[in-house]
2 protein chains.
Amino acid sequence: MTKGKQLFSTVNSDNTLELSLDTVEVRTPGPDDVLVRIEAAPINPSDMFPLFGTADMRKAKHAGDGDNLKLVAPISEATMPVMHSRIDQPLPVGNECAGTVIATGDSDAAKALEGRLVSILPGAAYAEYACVPAITCLTHNDGITAREAASAFVNPLTTLGFLETMRLENHTALVHTAAASNLGQMLVRLCTNESVELVNIVRSDAQVDILRALGAKHVCDSSAADFSGQLTDAIDATGATLGFDAIGGGQMANHILICMERALSKNASGLNTYGSSEHKQVYLYGGLDLNPTTLNRGYGMSWGIGGWLMPNMLARVGIKQAAEMRQKVADEIKTTFASSYTAEISLTEMLDPAQIAEYLPKKTGTKYIVTPQKG
Amino acid sequence: MTKGKQLFSTVNSDNTLELSLDTVEVRTPGPDDVLVRIEAAPINPSDMFPLFGTADMRKAKHAGDGDNLKLVAPISEATMPVMHSRIDQPLPVGNECAGTVIATGDSDAAKALEGRLVSILPGAAYAEYACVPAITCLTHNDGITAREAASAFVNPLTTLGFLETMRLENHTALVHTAAASNLGQMLVRLCTNESVELVNIVRSDAQVDILRALGAKHVCDSSAADFSGQLTDAIDATGATLGFDAIGGGQMANHILICMERALSKNASGLNTYGSSEHKQVYLYGGLDLNPTTLNRGYGMSWGIGGWLMPNMLARVGIKQAAEMRQKVADEIKTTFASSYTAEISLTEMLDPAQIAEYLPKKTGTKYIVTPQKG
């Protein structure tokens with residue numbers, strides 16, 4: 001029986017969040033399972049809510065020590081209802097990771113992975129080990145490191161999912177916000193490879209430069225005085241009628257729809273009561289801004305906005321195409337789908353308030369990676 | 001050559017709106033056309049923006065007289081861009097009407113309509129005559145009056161379109177706002193006939209009584225202190241994951257999504273980071289509230305909101321099914337799809353500021369009908 005450290009997050013009914021690093025017994029692989037020694041796990045924006053909920057981590061304090069290390073932080077009474085489904089349950093955290101298969105079940109599919117580097121999406125990645133079905137593994141080609149393989153699911157499949165959504169819903173070009181992010185840069189490379197026109201929205205001059213250096217053709221700076229004009233022109237040039245917005249709150253989605261409508265209705269005459277007939281869609285795939293989303297509806301009646309979630313997209317395309325997407329990620333993990341990291345931290349350091357102050361803010365261009373085998 | 005009076009609306013570049021009642025020559029029917037003597041045309045909420053744009057009709061003044069009657073009203077500079085596509089163009093107004101075919105082209109299809117009462121959607125219904133393709137006519141059964149037939153397109157096909165959208169998008173029950181309206185009452189009758197569960201949202205006790213009298217099972221009063229609880233319970237009881245909202249602005253769509261998520265997540269445990277996996281959708285098909293739509297996104301990631309337009313729906317279902325829908329309307333025009341009217345007014349009276357003050361406000365339960373043959 002293998003034992004290993006694993007991070008858990010608990011929302012206690014006394015309005016506290018508790019992070020604990022516990023030593024747990026790892027499940028023995030069944031016939032179709034593999035046991036993975038986790039070597040690298042990224043901290044993605046999508047890991048933050050499972051990890052910290054709505055707790056005020058600036059007020060976090062250590063409790064326990066050694067083999068029983070805990071970090072406790074207060075949660076405001078008002079936000080407790082948001083987390084009612086998880087109260088008093090120690091929950092695993094960490095969406096994705098990479099590591100080496102160190103034991104397998106008896107099936108051929110499982111045995112074939114013995115000793116291989118795989119990426120997995122266990123939802124319990126902040127741990128030393130994970131036991132998962134062999135069929136869920138993304139198997140890497142030779143010569144790839146765990147650090148290179150760590151982010152093979154969330155960002156790569158999200159960018160591939162954007163393009164697949166575009167095709168399924170009859171659009172031909174994309175608008176993307178927070179475009180200087182790790183994901184945004186990946187999307188620039190992917191769209192270049194696939195000859196898909198992409199309108200990148202960033203927040204500063206410096207970010208414009210980052211994307212231009214990557215070869216991005218359309219980059220609009222939301223801090224510029226003529227942002228609306230830039231965006232309308234870029235949408236007009238590309239014909240983009242689909243946007244993916246990581247910001248979620250505020251006016252960004254509304255702004256994209258307004259500029260799409262301006263581009264599409266520029267030559268309209270007559271009543272045009274309901275605006276252009278082309279369907280204009282913005283999907284919110286993140287929530288960097290927690291403020292409400294505001295829509296002034298100044299874009300006729302052929303528009304939509306909604307949540308977008310990568311696993312829902314994979315379910316929509318089906319098993320075969322999802323497998324093709326994963327193979328593409330494996331084949332291009334050092335190029336198109338490469339991620340870069342600000343720093344490595346250990347499982348123990350994940351519970352250090354000083355480290356949390358670094359990795360919790362969702363700052364564009366910073367990304368941390370956890371190395372569970374280093375303590 | 002037939003001549004007749006027709007109402008036109010012009011947004012002038014000098015920031016005025018001009019309504020004029022002009023005498024125009026009516027097009028002679030081509031082989032596949034019919035000439036309709038318009039006898040009754042409803043004033044629908046969807047006619048308001050084409051008629052008045054953003055003009056301040058409280059400041060409207062008459063100009064011209066007799067055969068050249070005009071009404072002129074100011075438009076604020078700030079709202080002129082909304083109407084840029086229609087500046088300095090006299091545009092026909094009036095979505096739908098009913099009348100008698102008084103001349104036809106030579107084709108069999110056209111000749112078959114000679115003398116028949118038809119409903120049409122000419123977009124120029126505030127007129128004495130219209131020449132339209134025979135194929136666009138909804139032909140009524142014997143014994144129907146023009147007044148009974150006047151509203152055969154906009155509201156009936158909207159309610160049928162709601163149900164068809166529900167089926168196409170895999171929902172099984174509906175939420176509807178402004179449910180005491182003419183359209184709302186029609187939807188109650190239709191859903192009862194089709195055994196579709198419907199959650200009706202109204203704004204007052206009196207409106208609750210109106211819908212209860214029609215046999216509506218689920219009626220929620222948005223002015224009640226426990227509205228959220230009422231709505232969540234009704235959604236839970238019906239399984240409604242699709243809403244149609246006539247209000248558009250403010251918090252109503254958000255509120256519906258919140259209550260859907262509460263109903264769907266009531267037994268959730270664990271992280272539930274992205275909320276329930278069932279897709280929750282609200283379509284905005286009107287804009288009674290012109291304020292921005294505000295979404296707090298407190299319903300996970302499987303949700304959508306968007307514009308909904310009946311003609312887009314008809315295009316989606318195709319010609320054959322659209323024809324079946326129209327036949328159903330003809331067969332049930334005195335029952336399921338019956339409309340009632342507050343008062344009849346003439347074309348001349350449409351230009352009377354005192355009459356406009358009555359028919360312009362989109363008041364639930366009032367509906368005016370124009371009788372072009374009466375002056």
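The values are calculated or read from the model by the stated rules, or taken from the named source; none is laboratory data. Bear in mind the structure is a predicted one, so any value in this text is a computation, not a measurement. All Cβ positions, glycine included, derive from the backbone under ideal geometry; neighbour counts span all protein chains shown.
Restricting attention to region A:214-272, the residues that are buried (at least 19 other Cβ atoms within 10 Å of the Cβ), of a type in the set (A, V, I, L, M) and under 24 Å from the mean Cα position of the chain (by Cα) add up to 10.
In region B:313-332, the residue that is nearest to B:ILE144 (Cα to Cα) out of those that are surrounded by fewer than 16 Cβ atoms within 10 Å (Cβ to Cβ) and within 14 Å of chain A (Cβ to nearest Cβ) is B:ALA315.
Among the residues of region A:338-347, just one is at pLDDT below 95, out of contact with any Phe, Trp or Tyr (no Cβ under 9 Å at 6 or more places or on another chain) and surrounded by 15 or more Cβ atoms within 10 Å (Cβ to Cβ), namely A:SER339. Only one of the numbered conditions (1) more than 28 Å from B:CYS97 (Cα to Cα); (2) part of a helix (DSSP H, G or I) is not met by B:ALA216, and that is (2). Just one of the listed residues (A:PRO29, A:PRO42) is more than 25 Å from the chain's Cα centre (by Cα) and in contact (Cβ under 8 Å) with a residue 60 or more places away in the chain, namely A:PRO29.
Residue-by-condition table, conditions (1) charged (D, E, K, R); (2) at pLDDT 95 or above:
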position: B:ASN12; (1), (2): no, yes
position: B:LEU19; (1), (2): no, yes
position: B:ASP33; (1), (2): yes, yes
position: B:VAL36; (1), (2): no, yes
position: B:PRO45; (1), (2): no, no
position: B:THR54; (1), (2): no, no
position: B:ASP65; (1), (2): yes, no
position: B:VAL93; (1), (2): no, yes
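With respect to B:THR342, determine if the residue is in contact with a Lys or Arg (Cβ under 9 Å, 6 or more places away or on another chain), within 23 Å of B:CYS97 (Cα to Cα), more than 7 Å from chain A (Cβ to nearest Cβ) and without any contact (Cβ under 8 Å) to a residue 60 or more places away in the chain. Spelling it out, B:THR342 is indeed in contact with a Lys or Arg (Cβ under 9 Å, 6 or more places away or on another chain), within 23 Å of B:CYS97 (Cα to Cα), more than 7 Å from chain A (Cβ to nearest Cβ) and without any contact (Cβ under 8 Å) to a residue 60 or more places away in the chain. When A:MET301 is tested against the conditions (1) over 18 Å from A:ILE201 (Cβ atoms); (2) hydrophobic (A, V, I, L, M, F, W, C); (3) more than 10 Å from chain B (Cβ to nearest Cβ), the lone failure is (3). Looking at B:ILE258, B:ILE235, B:ILE247, just one residue is more than 9 Å from chain A (Cβ to nearest Cβ), of a type in the set (Val, Ile, Thr) and within 30 Å of A:GLY94 (Cα to Cα), and that residue is B:ILE258.
When region B:229-282 is filtered for residues that are assigned to a strand (DSSP E or B), under 28 Å from A:LEU314 (Cα atoms) and not hydrophobic (A, V, I, L, M, F, W, C), the ones remaining, listed by number, are B:GLY243, B:LYS280, B:GLN281.
Kindly provide the set of residues from region A:155-201 that are within 23 Å of A:LYS363 (Cβ to Cβ), in contact (Cβ under 8 Å) with a residue 60 or more places away in the chain and not in a helix (DSSP H, G or I), ordered by number. Scanning region A:155-201 gives A:VAL175, A:HIS176, A:THR177, A:ALA178, A:ALA180, A:SER181.
Among the residues of region B:130-146, is any part of a strand (DSSP E or B) and in contact with a helix residue (DSSP H, G or I) (Cβ under 6 Å, 6 or more places away or on another chain)? For region B:130-146, residues part of a strand (DSSP E or B) and in contact with a helix residue (DSSP H, G or I) (Cβ under 6 Å, 6 or more places away or on another chain): present. Is it the case that some residue within region A:22-30 is within 16 Å of A:CYS137 (Cβ to Cβ), surrounded by fewer than 17 Cβ atoms within 10 Å (Cβ to Cβ) and small (Gly, Ala, Ser)? Checked region A:22-30: at least one residue is within 16 Å of A:CYS137 (Cβ to Cβ), surrounded by fewer than 17 Cβ atoms within 10 Å (Cβ to Cβ) and small (Gly, Ala, Ser). Based on this model, can you work out whether B:TYR285 counts as of a type in the set (Phe, Trp, Tyr) and either surrounded by fewer than 20 Cβ atoms within 10 Å (Cβ to Cβ) or at pLDDT below 95 (or both)? Against the criterion (of a type in the set (Phe, Trp, Tyr) and either surrounded by fewer than 20 Cβ atoms within 10 Å (Cβ to Cβ) or at pLDDT below 95 (or both)), B:TYR285 does not qualify. Taken together, the criteria exclude B:GLY99 from residues that are modelled with pLDDT of 95 or more, within 14 Å of chain A (Cβ to nearest Cβ) and either outside any strand (DSSP E or B) or closer than 21 Å to B:MET1 by Cα (or both). Checked against the criterion of being touching a helix residue (DSSP H, G or I) at 6+ places or on another chain (Cβ under 8 Å), at pLDDT below 90 and either of a type outside the set (Lys, Arg) or surrounded by 15 or more Cβ atoms within 10 Å (Cβ to Cβ) (or both), the candidates B:THR364, B:THR335, B:THR294 yield just one match: B:THR364.
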